Amino acid sequence: MGQVIGIDFGTTTTEVSYIKDGVALSLKLEDGEYFLPTVIFFLSEDEYIIGKKADVLSRNQDYSCSVIRNFKLDLTNKTTIYNIKAKDGSEFTIKPQKAAQLFLNKVLEIVQPKLISIFGETEGTIDKAVITVPAQFNPAEKEAIKIAIPKAAKNSGFNDIKVAAEPTAAAVAFSDYEELKEGSTILVYDFGGGTFDVSIIRKGEGKFEEIETDGAKSLGGNLITEKIAKCLWDDFC
């Protein structure tokens, strides 16, 4: 039997968790860090990198057209097309859904050998994955995630994919460390890089039920950073 992993596919950063000895642990993904910047940098049309190295390269003004970020929020936008000029000079276009697939492909390529090094060749193989999405994602957006992941997972040899709302996943993680009685009600704030969600969740018989959820898909750390940068720019320029 292989591993079940959890993927927090964030607008700005992505993390992966796994279970060992009944405890949920975060996996070190790159340079000892527990997260990957959700960034794609194209070296050519067929070659790309993700994560911290991609983020560093993208800050070079000469390569500003070689990078894609914040693509998760455009997954169901059929009119969005990214015009890419790769580092080698090649030019092409790519849609958000394809960007998500490419990014998740690389995530799985990074994760699989790390799990094998921890659990061995047989037990370290990925069998199932749960991916979290903003609670405010509508059915079409959740379906876009479901489509992107199996395509990415195909190369890893598994197809059992589940999608969970981020606040629900947070509540489940909380219950692992705090004793919650049946009928307990939890208020979860999820302030991410691209979205802000608030959910009221009740613990039932072996499951969590979302009582109410609301939020803003266009409010997150990215927007606040932009506002702060603009204020500083206006003050000093």
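Can you give the FRET efficiency to the nearest 0.05 for K98 and E210, using r as the Cβ-Cβ distance and R₀ = 25 Å? The formula returns an efficiency of 0.25 here. When the accessible area of the stretch 190-237 is split by element with a 1.4 Å probe, what percent falls to carbon and sulfur? That share works out to 60 percent. Applying a DSSP loop filter and a limit of 15 other Cβ atoms within 10 Å to the chymotrypsin sites (Phe, Trp or Tyr not before Pro) in the stretch 14-111 leaves Y34.
Mean sequence separation of contacting Cα pairs (under 8 Å, at least six apart), scaled by the length of the stretch 1-80, corresponds to a relative contact order of 23 percent. Summarise the accessible area of the stretch 1-86 (1.4 Å probe, protein heavy atoms) by the percent that is carbon and sulfur. Carbon and sulfur together cover 48 percent of it. Dividing the convex hull volume of the alpha-carbon atoms in the stretch 79-144 by its residue count gives 133 Å³ per residue. Could you name the lysines in cross-link range of K217, using Cα to Cα under 22 Å and dropping any fewer than eight places away on the same chain? List returned: K72, K78, K95, K98, K142, K146, K162, K227, K230.
In the complete set of protein chains, residue-level accessible area for S26 is approximately 60 Å², probe 1.4 angstrom. Computed over the chain, the per-residue total of -39500 (n - 2.57) for DSSP H runs of n ≥ 4 gives a 222 nm mean residue ellipticity of -10000 deg cm²/dmol, rounded to 500. Subtracting the Cα-Cα distance of E226 and I110 from their residue separation scaled by 0.36 nm leaves 38.7 nm. Under a straight-distance cross-link criterion of Cα-Cα below 16 Å, which lysines are reachable from K181, leaving out those fewer than 8 residues away in the same chain? K181 reaches K203, K207. Note on K53 and S218: the model spin-label points, each 7 Å out from Cα along the C-beta direction, lie 3.7 nm apart. Short-range pairs are left out: with C-alpha atoms under 8 Å and at least six residues apart, the relative contact order of the chain is 16 percent.
The values are calculated or read from the model by the stated rules, or taken from the named source; none is laboratory data. Keep in mind that this is a model prediction, so the values were computed, not measured. Neighbour counts run over all protein chains shown; Cβ positions are idealised from the backbone, glycine included. Keep in mind that these areas ignore ligands, DNA and RNA; they rest on the heavy atoms of the full protein, side chains included. Shrake-Rupley method; radii C 1.70, N 1.55, O 1.52, S 1.80 Å.
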